[in-house]
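Where a number appears in this text, it was derived from the coordinates with a stated rule and is not lab data. The structure presented is a predicted model; accordingly, all values stated were derived computationally and were not measured. Here the Cβ positions follow ideal geometry from the backbone for every residue, glycine too, while neighbour counts run over all protein chains shown.
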Amino acid sequence: MSKNAHSARNDQTQKGQQEQILKVENLRKTFGGITAVADVSFHVEKGSITGLIGPNGAGKSTTFDLITGVQRPDGGEVEFNDTEITGYRSDQVANQGLVRTFQIARELSEMTVLENLMLAPQNQAGEAVWRAVLPRARTQVVEQEKELREQAWEMLELFEIEHVAHESAGNLSGGQRKLLEMARVLMTDPEMVLLDEPLAGVNPTLEEKLIDRLHTLKEQGYTFLFVEHDMDVIMNNCDTVIVMHQGSVLTEGQPDAVKNNDKVLDAYLGEEVKI
Amino acid sequence: MSTGSLQTWAEGWLGNNDVRLLIALALAIGGLYALFSVVLGFQLNGTVNTLRRVAFLSAIYAMLALALNLQWGYAGLFNLGAAGFMAIGVYTMGILTAPVTASPPGFGLPLPVAIVGAILVTGIVGGLAALPAIRLRADYLAIVTVAFSEIVRLTLRAPEFANTRIAGVAFGTGGATGLSLPSNPIRILFYTDPAATAPAPNALGAAIFSAVEPLGIEQTLVIGWAYVVALCLCLGLLYWLMIRIGKSPFGRVLKSIREDQQVTQALGKDTRLFKIKTFALGCALMGLIAILWRLSGGYASPRMFKPIQTFYIFIALFIGGTGSPTGSIVGGALFASLLFEGPSFIRRVVAEYLQLSNAPDTLVGALAELGTLDITPLLAYSVQDVSISALRLMLLGIVLVYLMQRHPDGLLGHRKAIASSVALSQQATREDDNE
């Protein structure tokens, strides 16, 4: 299967039954002489859990960086909810409702878990310094803070980390940090979340919990695209799987189809693969 | 009571109550200088004046540390150009208020208008100065700002701008000789016509002056203390402002920018805007504080705004601990009283009680004699009037090295104030629901 499988033509015929929330077309990024991402194209369906897999160095994280504005692409287009967001800064991307987590959990370690969560919601009234200070305007800020506090506690309960609410985030265990990062991202009230290896370093019990939450949230209408190395997790939980290799999309499709694709096996065994 | 339990008691009494802590600190510093005055045989007027000077400097450095804390402590913006922004504030105010007929001429505006103008100009210049560097790492911002502050100082000193005319408007910086500033505005409380050379006191002035005259206290000292009281009110207001900002959602974003800018941005915050706003606000405050500083002296000159001025503020901030507004006040007061003013008082006490002669000409000469295990030359050198600034610098260096090694957090930097406008406990959430 090639990238043409998801060309615009195909997309139009599918409209109506399946809405594409994220469309990536011919995305490209080179570092010096190395092409990290070479003409990557794929679409993600709204309300799906899509897996992005591939051997180390396949360009998965760079693709994430390009989509979320951490790095600027050298070419190609990214469209989110029918808005072109190519070259947006990462805060602008997040404001569109597309947020990401990082491969290594990046909790704000000097801040407490609750502060981490309270930071995330977008467009807070008190982010304007005059409103935070002037007495009358501040009542509005305090009202909003109370709402956010309630949301934060609900989120802590959803991820079962309410017992560490007042801890500095830096004191959390590796698994708890992953949970915190997920919770924090959800506090931004996104439509779609990109998860960069959300399960790395997470113990099996916690992993099960996290996946469980993913499905709960999916039912609520969230869309997820996530990078993961554990094949079982990908195959058992994703609606669609995209396989990347050497900066390009090798194949994509239903988990079963991908699993039985010879090229995927070759790529993972380090064979030279013709794309 | 043993020392240990006394310490526990003191920590319990002071540690959790910032107002008590600050009052205790003020009393301790006041007591120390009262003691110095007694040892040096000052009259009452001299003693009260010593206390005034220490209180004045403490308040100024506490405010400067608070403003720098907003930039460095809250947002991690390394502003090494504080002196430059202070100069811009003072000079803008000076040029705006100078009478059109004066030399150098100014715009003849009333003082309050000029102060507002100066705050705006300093804020805008601060925002612009930060613009090219704000996307870079902290150290680049430091380089840009320290260079900027020197450009400001050298421009103010340049004879070309001392008395100039641009686009038909005549004004000037006064060059190296400096610029006259309006007289101390607090005088309006005590005199009917404060601008006159020998003004007549009004009712309040007459009452207070006649009350303190038998004690030998001069009118200028009364005015000086009134100014210090006004400064302390400003300090209180600034402190309140900083705590409010620190606890607001705005402060929360700053805190996260200091920790990890990329993550903050990934959560949808336009970090550049937050940084520029914070930098501009901090600079505007520095401009205002510098105006408060120089208004009591009546003039400004470029040599008051050398980079060392910036380092003084940083040292004050480091002593108190970055990130804590109470720490900034403690640091500012300790810096001004012990490190800035302390050496000259110790010198005078030593000179009073030890008769030393044959002082070497330079600090190097004095230190060289230490090789022969003779500390008299160093002492003799130290008690000279001219060597105080060299000694002060050395002391600052030692304190800085000690702090960085042993207490990198400063005295109160370990404190973690929660950045939220409401209490965050679950209890509080539930109480809300029950309302």
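Once you have a ≥ b ≥ c as the square roots of the Cα gyration tensor eigenvalues for chain B, tell me rounded if a/c is under 1.5, and otherwise prolate or oblate according to whether a/b is larger than b/c.
Working: a/c = 1.32, a/b = 1.10, b/c = 1.20.
Because its axes are fairly even, with a/c under 1.5, chain B counts as rounded.
On a 32 Å Cα-Cα criterion, which of the cross-link pairs A:Lys29/B:Lys275; A:Lys60/A:Lys146; A:Lys209/B:Lys269; A:Lys178/B:Lys269; A:Lys23/B:Lys247; A:Lys178/B:Lys275 come out too long?
Violating the 32 Å Cα-Cα cut-off are A:Lys60/A:Lys146; A:Lys23/B:Lys247.
Can you tell me the dipole magnitude for segment B:48-303 around its Cα centre, using point charges on the Cβ only (Lys, Arg +1; Asp, Glu -1), in Debye to the nearest 20?
On the way: 19 positive and 9 negative charges, 145 e Å.
About 700 debye.
Give, rounded to the nearest 20 debye, the magnitude of the charge dipole that segment A:108-171 has about its Cα centre when Lys and Arg contribute +1 at Cβ and Asp and Glu contribute -1 at Cβ. Numbers along the way, then the final one.
Numbers: 5 positive and 12 negative charges, 102 e Å.
The calculation lands at about 480 debye.
Under 14 Å Cα-Cα from A:Lys218, which aspartates and glutamates qualify once same-chain neighbours fewer than 8 residues away are excluded?
List returned: A:Glu45, A:Asp189, A:Glu191, A:Asp239.
How much FRET efficiency would the formula 1/(1 + (r/R0)^6) give for A:Ser173 and A:Met235, where r is the Cβ-Cβ distance and R0 is 25 Å, rounded to 0.05?
Numbers: r = 28 Å, r/R0 = 1.11.
The value I calculate is 0.35.
Projected onto the charge dipole of segment A:108-171 (+1 at Lys/Arg Cβ, -1 at Asp/Glu Cβ, origin at the Cα centre), which of A:Gln122, A:Val164, A:Thr112 gives the Cα projection farthest towards the positive end?
A:Gln122
Suppose R0 equals 30 Å. What FRET efficiency, 1/(1 + (r/R0)^6) with r the Cβ-Cβ distance, do A:His163 and A:Glu219 give to the nearest 0.05? Walk me through the numbers before you get to the answer.
Working: r = 26 Å, r/R0 = 0.88.
FRET efficiency, A:His163 to A:Glu219: 0.70.
Choose one answer from B:Ile186, B:Ile243, B:Ile398: the residue with the largest mean-square fluctuation in a GNM of chain B with alpha-carbon springs under 10 Å.
Maximum among the listed residues: B:Ile398.
Over 20 Å intervals from 0, what percent of Cα-Cα pairs in the protein assembly as shown sits in each interval?
In order of increasing distance, the bins hold 15, 39, 29, 15, 3, 0 percent.
Scanning chain A for GluC sites (Glu not before Pro) in DSSP loops with at most 16 other Cβ atoms within 10 Å, what's the longest stretch left with none? Mind showing how you got there, number by number?
Values: sites that count: A:Glu19, A:Glu110, A:Glu160, A:Glu167, A:Glu271, A:Glu272.
The longest uninterrupted stretch comes out as A:168-270.
Quick check for me: using +1 on Lys/Arg Cβ and -1 on Asp/Glu Cβ, what's the dipole size of chain B about its Cα centre, in debye to the nearest 20? Mind showing how you got there, number by number?
Details: 28 positive and 22 negative charges, 181 e Å.
Here chain B has a charge dipole of around 860 debye.
So which residue, out of B:Val364, B:Val152, B:Val169, gets the largest mean-square fluctuation from a GNM of chain B using Cα contacts under 10 Å as springs?
Among B:Val364, B:Val152, B:Val169, the largest mean-square fluctuation in the Gaussian network model of chain B belongs to B:Val364.
How much length, in nm to one decimal, is gained on full extension between B:Leu237 and B:Val19, taken as 0.36 nm per residue of separation minus their Cα-Cα distance?
So the extension gain works out to 77.1 nm.
Quick one: longest stretch of chain A between exposed loop trypsin sites (Lys or Arg not before Pro), exposed meaning at most 15 other C-beta atoms within 10 Å and loop per DSSP? Write down the numbers at each step before the final one.
Details: sites that count: A:Lys15, A:Lys46, A:Lys274.
The answer is A:47-273.
Which of rounded, prolate or oblate describes segment B:6-118 when judged by the alpha-carbon gyration tensor and an a/c cut-off of 1.5? Kindly include the intermediate steps, with their values, before the conclusion.
Details: a/c = 3.21, a/b = 1.51, b/c = 2.13.
Because a/c hits 1.5 or more and a/b fails to exceed b/c, segment B:6-118 counts as oblate.
Which one of A:Gly87, A:Leu217, A:Leu179 is farthest out on the positive end of the charge dipole of the protein assembly as shown, using unit charges on Cβ (Lys, Arg +1; Asp, Glu -1) and the Cα centre as origin?
The residue sitting farthest along the positive end of the dipole is A:Gly87.
Based on the alpha-carbon gyration tensor of segment B:48-303 and its eigenvalue square roots a ≥ b ≥ c, which shape applies: rounded if a/c is under 1.5, prolate if not and a/b is larger than b/c, or oblate?
Values: a/c = 2.59, a/b = 1.48, b/c = 1.74.
It is oblate, given that a/c is not under 1.5 and a/b is not larger than b/c.
If exposed trypsin sites (Lys or Arg not before Pro) are those in a DSSP loop with at most 14 other Cβ within 10 Å, what is the longest stretch of chain B that has none?
Working: sites that count: B:Arg135, B:Arg137, B:Lys416.
The longest uninterrupted stretch comes out as B:138-415.
Under the definition of Cα pairs under 8 Å and six or more residues apart, what whole-number percent is the relative contact order of chain B? Write down the numbers at each step before the final one.
On the way: 635 pairs, mean separation 107.4, N = 435.
Relative contact order here is 25 percent.
What is the order of A:His163, B:His407, fewest Cβ neighbours within 10 Å to most? List each step's numbers first, then the result.
Values: A:His163 10, B:His407 14.
Taking fewest neighbouring Cβ atoms as first place, the list is A:His163, B:His407.
Report the FRET efficiency, 1/(1 + (r/R0)^6), for B:Arg53 and B:Ser5, where r is their Cβ-Cβ distance and R0 is 35 Å, rounded to 0.05. Please report the intermediate quantities before stating the final value.
Numbers: r = 37 Å, r/R0 = 1.05.
Computed FRET efficiency for B:Arg53 and B:Ser5: 0.45.
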